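To start, the structure itself, in structure tokens.
The values are calculated or read from the model by the stated rules, or taken from the named source; none is laboratory data. In this text, all values refer to a predicted model and were calculated from it rather than measured experimentally. Note that each Cβ is placed from the backbone with ideal geometry, even for glycine, and that neighbours are counted across all protein chains shown.
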Amino acid sequence: MTKQRILVVDDDKDDQSFLLEAINELYPSFVCDLADNGRDALEYIDKNPPPPDYIFLDLNMPLVNGYEFLKEYKKQPESNKSKIIVYSTSSHPQDKAATKDLGATDYITKLSDFRKLKQTLEQVFKNYGGLSLA
């Protein structure tokens, strides 16, 4: 399986752990890194080229939120190489539309059901990376 680089950007440690556990169960070869906010994510990406294959991005974070991250990240020359998946508690259509306009690839509402989260992630990686578990 292809080794993919994932960056999870979320200030909630429980949400980080939940998402990482699901990704690691599905794709143990993926390399996952964490950032607690958009500012830390931008610094990480700047210091660790090339950009990650996937960025899972929360919207509501301190310092630099998800919207601000999207605005700044799309200014970077290789930003189009990352699939940005917004991973938020918000299910508002205006949030989905606004993040898409700012360059997000997809939008997932945070799930508390681990099995459903794994199914959703499997679909994301299949849709955008051509990856499947079979």
(request) Test each condition in (1) among the hydroxyl-bearing types (Ser, Thr, Tyr); (2) loosely packed, with under 14 Cβ neighbours inside 10 Å; (3) in contact (Cβ under 8 Å) with a residue 12 or more places away in the chain for residue 17 and report the one that comes out false. (result) (3)
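Touching a Gly at 6+ places or on another chain (Cβ under 6 Å) and farther than 15 Å from residue 110 by Cα, is that true of residue 64? Walk me through it before giving the result.
Working: touching a Gly at 6+ places or on another chain (Cβ under 6 Å): yes; farther than 15 Å from residue 110 by Cα: yes.
Yes.
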(message) Return the residues of segment 105-131 that are surrounded by 11 or more Cβ atoms within 10 Å (Cβ to Cβ) and in a loop (DSSP other than H, G, I, E, B); say none if nothing qualifies.
(response) 105, 110, 111, 131
(request) Go over the candidates 70, 102 one by one and state the one that is under 12 Å from residue 38 (Cα atoms), among the aliphatic types (A, V, I, L, M) and surrounded by 14 or more Cβ atoms within 10 Å (Cβ to Cβ). (result) 70
(message) Anything in segment 83-104 that is of a type outside the set (Val, Ile, Thr) and in a loop (DSSP other than H, G, I, E, B)? List them, or say none.
(response) 90, 91, 92, 102, 103, 104
(message) Out of 87, 54, I need the residue that is surrounded by 18 or more Cβ atoms within 10 Å (Cβ to Cβ), in contact (Cβ under 8 Å) with a residue 40 or more places away in the chain, of a type in the set (Phe, Trp, Tyr) and in contact with an Asp or Glu (Cβ under 7 Å, 6 or more places away or on another chain). Which one?
(response) 87
(message) Between a residue in segment 98-118 that is among the hydrophobic types (A, V, I, L, M, F, W, C) and any residue that is at pLDDT below 95, which pairs come within a Cβ distance under 6 Å, given they are 6 or more apart or on different chains?
(response) 117/111
